[in-house]
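Scroll down for the structure; my scribbles are underneath it.
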Amino acid sequence: MTEQAQGDGIGRTFTVASDEMIASLVHSARRNLVVAAPALDDAVVDALISRLPDRPQLSISIIIDSDPEVYRLGYGSDKALKRLHEVCLANDLALRKQPGLRVGVIVADDDCMIFAPTPLLIEAGSHSPEKPNALVLRGSAASQITAATSGEREGEALNQEVGLVAIRHHEIAQTLASLADNPPQPFDIARALRVFSSKVQYVEFEAVGYKLDRKVVPLPDELTDVSDTGLRDQITSRIRSPLKDLGKVGIQVERDGKMLDIQVDSRWLDAERKQIEDEFLYTITGFGKVILQTKRPEFEAAVEVFSDTIKKYIEAVRSEIGQTREDFVESVVFEYAPRWKVRVPKFYSDFQITPTDENIAEDLTRIAQDLFDKSIDFREPNIRIVPKNIAPESVRDTDFKKKVEAAFRKRRAPEALIKSLFEDFEAAPGVPDEKR
């Protein structure tokens, strides 16, 4: 083993397979060099290119996986793939493929390093032997792996296990075209997004349809003359909602395992909704509301209780409406039935219908019910939680972190919690453009 390799940490059994470490092994080879990995990055390709003039004294075997997803996961660089392919063609060296290869192996003479390649989409990768992802073996292991990967030596093909087929030019072209159409995300952004999303999520809390809208509707000509004082307060040439004085209604709700009698109206429900939002949701100015993933179960339980309260409120209001509706219809029939008998509405003669007491009562009932129903609008409530993914644009925004911190500090969140939201942002260093 060379002094360079020893100095780079290859002397350890457990070490880290950084690009620098792999390049060091590549430079140290004198007789035999095997490189097998899902993909390679520029530093390793540079090292391999520098060794090509040493053939045929140096046997070189290179095996990769040319699937575009390999590069989207961040196992290597598409630019490095293009360079490696072109150089191998120019030097009459077969660049071989092994679909699904997810282990890395470097053989440099009698030294062998087996490592777990790092997908940069998931993590930044280690540069310290104290955080190892590789084993360095010597002696017979190197010979065994060389035989399984064949290399350039005659007579070894019978023992070859991987890299049996050379990558064809059109396969490289297809891979590069696929990556051009759907390029990998910047890996530092993707990692930060993944980590942040595991702790925080956008969410919309929608609660609509539980408010009673009151309307004013026009009267038919047959009801424009009224003498009843109470009815006249509601009727001029139009009818005002008979529920204009409806206040709070009594319902039973569960609190801390006990059933309580409370008085509820739409304002009370608005305050209840706001309390849920204030307890669980954080408003990130310009981005929306977020929730801590750890608080989702409590939030959903609170929303379920809120939804149940709304259902009970609506049942109580509808009960009030039912009685008010009956009273209104009865007063309209009582007021207008005698008048219609004296001054028969024109539609009876138009349709040749006899205005009997029963017919008049039925028609007035229908008209009054229709007026009542048109004067109110009580839609079915819609209570739902709409989760949304954190967008990459949010993580890219330079103000995003500051706004998240400001939102959590405004709610007096502990500093330890705020720091934990971003600890992996700094731990995921940016990837230079030329390596993407």
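The values are calculated or read from the model by the stated rules, or taken from the named source; none is laboratory data. As the structure is a computational prediction, the values presented were derived from the model and not from experiment. For neighbour counting, all protein chains shown are included, and Cβ atoms are generated from backbone atoms with ideal geometry for every residue, glycine included. Heavy atoms of the whole protein, side chains included, go into the accessibility calculation; ligands, DNA and RNA do not. Shrake-Rupley method; radii C 1.70, N 1.55, O 1.52, S 1.80 Å.
Could you list, in sequence order, the residues of the stretch 278-300 that are assigned to a helix (DSSP H, G or I) and open to solvent by less than 30 Å² (accessible area, probe 1.4 Å)?
PHE280, PHE299
Is there any pair with a first residue in the stretch 323-349 that is without any contact (Cβ under 8 Å) to a residue 24 or more places away in the chain and part of a helix (DSSP H, G or I) and a second that is among the polar types (S, T, N, Q) and open to solvent by less than 80 Å² (accessible area, probe 1.4 Å) whose Cβ atoms are under 8 Å apart and which are 6 or more apart or on different chains, and what are they?
Every condition considered, the pairs that remain are TYR348/ASN359.
Quick check: is even one residue across the stretch 16-23 of a type in the set (Gly, Ala, Ser), modelled with pLDDT of 90 or more, over 18 Å from THR118 (Cα atoms) and crowded, with 17+ Cβ neighbours inside 10 Å?
no
Enumerate the pairs (first residue in the stretch 168-181 and in contact (Cβ under 8 Å) with a residue 40 or more places away in the chain; second residue anywhere and part of a loop (DSSP other than H, G, I, E, B)) with beta-carbon separation below 6 Å, excluding pairs fewer than 6 apart on the same chain, so at least 6 apart or on different chains.
GLU171/SER66; THR175/SER66
Being modelled with pLDDT under 90 and closer than 23 Å to ASP327 by Cα is the filter here, so list the residues in the stretch 340-366 that pass it.
TRP340, LYS341 - these are the residues of the stretch 340-366 that are modelled with pLDDT under 90 and closer than 23 Å to ASP327 by Cα.
If VAL303 satisfies all but one of (1) open to solvent by 30 Å² or more (accessible area, probe 1.4 Å); (2) outside any strand (DSSP E or B), what's the number of the condition it fails?
That leaves (1) as the condition not met.
Kindly list the number of the only condition in (1) among the β-branched types (Val, Ile, Thr); (2) more than 19 Å from GLY209 (Cα to Cα); (3) open to solvent by less than 40 Å² (accessible area, probe 1.4 Å) that fails for ILE310.
(2)
Assuming GLU69 fulfils every condition listed in (1) within 23 Å of ALA141 (Cβ to Cβ); (2) modelled with pLDDT under 90; (3) not small (Gly, Ala, Ser) apart from one, which condition is it?
Evaluating GLU69 over (1) within 23 Å of ALA141 (Cβ to Cβ); (2) modelled with pLDDT under 90; (3) not small (Gly, Ala, Ser) leaves (1) as the failure.
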